[in-house]
């Protein structure tokens, strides 16, 4: 295999344009006659709209039109939907309240869109938006999920009495209760998972273009999955039939999940383009991003973990309340259910698990998947509980984990998942060795001599990636299949285009996908182009989230390459008058094994298109399509260790070392994988130490800028020590598992376990800000 | 941002004239607060009169132990001045830790103190040094200059032209950053000056920068961090916000004061 194939540290092909400012993002798109949109948004967390008066606004300079929700409804544009049906344990379907793209009679969070202003410039649009007079009747608001369930709480949607969307369960409650009743020890803990704002570097943007002559729409948008956007806008929002709607997601500057969903703005700009007769562009500013990008996490859980006399876990009981915000976003129902509770077995052999999950409406921005999506919540809950249990039982955290590790595969957990491969102790041992766990006591003494508190903590995470077998997710309520597609198009000169349904918004697909093809065919990586993000160019695909592009997207490419290779071999065998079985592909040539006979790759490609001399009956051309539907999730796992030093005078936490030992199966590009882990850990440090979305009681967002929302910065982070263990994934042809979310999943519990180790008790919630750590230290004394 | 007219003043007289001709105008001296406020449409001056390019109010002049810093001198210049560091390293260190490199090359000392953000560093430095603020029409002692949150003794149209102070015998500054904004969540400047010991606290007071007489008395008799161990910090006049309540700030005030003394040597 050449240096540019699988396993090589190929520098990223796409970085030249990104690093030289030549990336083409949605906001860079300009078309003739284009105008600018600004949205009138609710300044209240909860209010009735009595009247909207846009008379003055419409008369402002440069204003083309001001459009509201009644007009949108009159034109038949549908409400936004959640695409994953969950049933409560009593059998009733989830209670989805209406989410109108433009609010008509009620606004339910600060930032809820009410009207769109289209004007010659963005400044004029904004000026006019300020002149739209809205008569509100303020209503009481509620922002905390637990408070929203309390009797007498403000009622947010008529469809969901008591603000309860569903009350769902998984597992066996009776077996769990029985095990808890007869346990030698039960650890009980309350776990809070803080609310996060995704903060991709590129804010959301969209450009809607309606072509009167063709009755056709084009939507440029910041999307992780343009085909799904087209499907949903066509099938559910009645924007246009699919053949009349082209969705293009060009370069996208980060998503972390927040660009999976269809938001009101895309729909409205397309509709407004038809309504006004001009192309309409909207670009979110950072404040709007804080106010309207779907948030992540926001769980409160009560946990009971039962042990027998040998410290083996006998049962786990979890009661979770999840805040879904003011409306149900596209995949919001799946995140705290099938992406969360199905991972509650962690790396452990737990005979009985029961999880109850209630999801709740509040007057906050909708909550949906954010890097890890459900799995960070499960991992944080489980690994904090394991740490607390080890402290209570008086055993080392490593010993308690080793006692309970799953050691044979496949392993069926009590919560749906069937783990296919793993070696959890290998990662644990590698991490402990890299962290010099044995030397911690001496390091702690040194810290104490300097007046500092030192702590160490671990977390053993597992996640389910490569979402997912379509039939499986369909049976659990998903509205779509989660396969992936690929087309490998060999040109007549032998260069190759790969059209993929995956979507890169920072992951480096243009490099890793090309590495796969280069290695397989022995052709230069420069001769391969990866095409994605345009529904007119690329066949239907499902997009990128849940660390699925490698395991699912690349598997589809493998399947297409299998077909290309088979046909190329037939052609080569014919040209060389050899047997097809004897043809091997090496270094850009098709050779007859064991002879010096060979034809170069480009010549086979050319022969396929000249079609002058093809095997009898063969169609011309060399282009193949494949759809790959995975047979199982993949299960990346690993062990993270954090070591911290705390200044007891200020409560400031210094992360003195961070070790990650990950099993991602086979790896395509170690450099890119390391980058993914670095970024993931940085976000995990953000969640554990810094980031926290906060609303006041009226629903005003208090953390609506970087003045108050603390993002991780370079000097908040240590140098990371990474290592990789490999149990190849048996469920896909490349043996890969996915690496995009692990860092964000595994790191928060390791950090909080380290900090609570240093402060000497477990009463600490994320983010562990200096003030909270200082207060926790005082509480200990 | 609402539309505004930009003027680049060539001299102090020119600036004052432009300001008086434009009642709804504002002086701009770096714009590290004003421009972002305008971008958020929270401020809408009709005119901006940029002071950063007036040669007469830019630069650092040292005569013996008397220091004069022109109002339009950016933080980076103060941070990098070797002559100033030789006689008052604490103010250089303070300037070198304001914001980030972009801020330090755009923001100016005059802009900072005229804005008097309760979490800004310079107000603590100048109050701690017992500096004098010179304007186009008078001299104001730092004790009289900083009057409240974003409020100063400056009158309508009055502009800062320089600040002056005697280099202290020793001085130190320590601050604890707000984890989000990296402004001072608490910063304390201590100085042993010809006029006595001074200790000024920024980032913490609910009325902005303030002197702490308890610290000053304790340090006057014993210049050492431990001298502050038993000095009480009253949380009742301190700010409470998302990142630090008054009780935690009171703790930080003392911890930072001790560190400032330690850094002063």
request  = Answer yes if at least one residue in region A:735-755 is within 12 Å of chain B (Cβ to nearest Cβ) and assigned to a loop (DSSP other than H, G, I, E, B), and no otherwise.
outcome  = no
message = Would you confirm, using the coordinates I've provided, whether residue B:247 is within 14 Å of another protein chain (Cβ to nearest Cβ), surrounded by fewer than 20 Cβ atoms within 10 Å (Cβ to Cβ) and part of a helix (DSSP H, G or I)?
response = yes
query = If you check residue A:162 against the conditions, is it modelled with pLDDT of 95 or more, surrounded by fewer than 22 Cβ atoms within 10 Å (Cβ to Cβ), on the phi > 0 side of the Ramachandran plot and under 34 Å from the mean Cα position of the chain (by Cα)?
reply = yes
remark   = The condition from (1) more than 14 Å from chain B (Cβ to nearest Cβ); (2) in contact with a strand residue (DSSP E or B) (Cβ under 7 Å, 6 or more places away or on another chain) that residue A:673 misses is numbered (2)
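Results for (1) within 22 Å of residue A:639 (Cβ to Cβ); (2) free of Cβ contacts under 8 Å to residues at least 12 places away in the same chain; (3) in contact with a helix residue (DSSP H, G or I) (Cβ under 6 Å, 6 or more places away or on another chain), shown as yes or no for each residue.
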| site | (1), (2), (3) |
| --- | --- |
| A:706 | no, no, no |
| A:715 | no, yes, no |
| A:746 | yes, no, no |
| A:755 | yes, no, no |
query = So, in region B:235-244, of the ones that are within 23 Å of the chain's Cα centre (by Cα) and surrounded by fewer than 17 Cβ atoms within 10 Å (Cβ to Cβ), which residue ends up nearest to the other protein chains (Cβ to nearest Cβ)?
reply = B:241
Breaking point among (1) exposed (fewer than 14 other Cβ atoms within 10 Å of the Cβ); (2) under 20 Å from the mean Cα position of the chain (by Cα); (3) within 14 Å of chain A (Cβ to nearest Cβ), for residue B:33 = (1)
Residue selected from region A:757-781 under the condition within 12 Å of chain B (Cβ to nearest Cβ) and over 24 Å from residue A:397 (Cα atoms), by the criterion farthest from the chain's Cα centre (by Cα) = A:778
task = Select from region A:131-148 the residues that are in contact with a helix residue (DSSP H, G or I) (Cβ under 8 Å, 6 or more places away or on another chain) and either surrounded by fewer than 18 Cβ atoms within 10 Å (Cβ to Cβ) or at pLDDT below 95 (or both) and list them in ascending order.
result = A:133
query = Considering A:388, A:355, A:378, which residue is in the same structural domain as residue A:306 (by TED's automatic domain parsing), outside any loop (DSSP other than H, G, I, E, B), at pLDDT 95 or above and farther than 21 Å from residue A:170 by Cα?
reply = A:388
ask   = So which pairs qualify, if the first residue must be in region B:75-89 and more than 12 Å from residue B:109 (Cβ to Cβ), the second must be in a helix (DSSP H, G or I), the Cβ gap must be under 6 Å, and the two must be at least 6 apart or on different chains?
value = B:85/B:92
query = Taking region A:651-668 on its own, how many of its residues are surrounded by fewer than 21 Cβ atoms within 10 Å (Cβ to Cβ) and either assigned to a loop (DSSP other than H, G, I, E, B) or out of contact with any helix residue (DSSP H, G or I) (no Cβ under 6 Å at 6 or more places or on another chain) (or both)?
reply = 4
query = How many of the residues in region B:173-197 are under 27 Å from residue B:58 (Cβ atoms) and touching a helix residue (DSSP H, G or I) at 6+ places or on another chain (Cβ under 9 Å)?
reply = 7
ask   = Taking into account only those residues within region A:650-670 that are in contact (Cβ under 8 Å) with a residue 60 or more places away in the chain and within 14 Å of chain B (Cβ to nearest Cβ), which is nearest to residue A:426 (Cα to Cα)?
value = A:655
query = Residues in region A:447-455: is at least one under 23 Å from residue A:377 (Cα atoms) and either in contact (Cβ under 8 Å) with a residue 12 or more places away in the chain or not assigned by TED's automatic domain parsing to the domain that holds residue A:85 (or both)?
reply = yes
ask   = Name the residues in region A:677-726 that are facing another protein chain (nearest Cβ under 10 Å), buried (at least 16 other Cβ atoms within 10 Å of the Cβ) and either touching a strand residue (DSSP E or B) at 6+ places or on another chain (Cβ under 8 Å) or not in a loop (DSSP other than H, G, I, E, B) (or both), would you?
value = A:689, A:690, A:691, A:692, A:716
query = Of the conditions (1) touching a residue at least 40 places away in the same chain (Cβ under 8 Å); (2) out of contact with any helix residue (DSSP H, G or I) (no Cβ under 7 Å at 6 or more places or on another chain), residue B:216 fails just one. Which one is it?
reply = (1)
request  = Among the residues of region A:87-125, write down those that are outside any loop (DSSP other than H, G, I, E, B), touching a strand residue (DSSP E or B) at 6+ places or on another chain (Cβ under 8 Å), within 14 Å of chain B (Cβ to nearest Cβ) and farther than 25 Å from residue A:75 by Cα.
outcome  = A:122, A:124
query = residue B:246 is checked against (1) closer than 17 Å to residue B:125 by Cβ; (2) in contact with a strand residue (DSSP E or B) (Cβ under 7 Å, 6 or more places away or on another chain) and fails just one. What number does that condition carry?
reply = (1)
task = Among the candidates B:260, B:220, B:227, single out the residue that is more than 9 Å from every other protein chain (Cβ to nearest Cβ), closer than 22 Å to residue A:451 by Cβ, in contact with a strand residue (DSSP E or B) (Cβ under 7 Å, 6 or more places away or on another chain) and part of a helix (DSSP H, G or I).
result = B:260
inquiry  = Exactly one condition in (1) more than 14 Å from chain B (Cβ to nearest Cβ); (2) not in a strand (DSSP E or B) is false for residue A:640; which is it?
reply    = (2)
message = Conditions first: (1) touching a strand residue (DSSP E or B) at 6+ places or on another chain (Cβ under 6 Å); (2) surrounded by fewer than 24 Cβ atoms within 10 Å (Cβ to Cβ); (3) under 18 Å from residue B:209 (Cβ atoms). Residue B:127 passes all but one, so which condition is the exception?
response = (2)
query = Given the structure, is residue B:253 farther than 25 Å from residue A:769 by Cα, buried (at least 22 other Cβ atoms within 10 Å of the Cβ) and either away from chain A (no Cβ under 13 Å) or in contact (Cβ under 8 Å) with a residue 24 or more places away in the chain (or both)?
reply = no
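The values are calculated or read from the model by the stated rules, or taken from the named source; none is laboratory data. Only a predicted model underlies this, so the values are computations on that prediction, with no experimental measurement involved. Note that each Cβ is placed from the backbone with ideal geometry, even for glycine, and that neighbours are counted across all protein chains shown.
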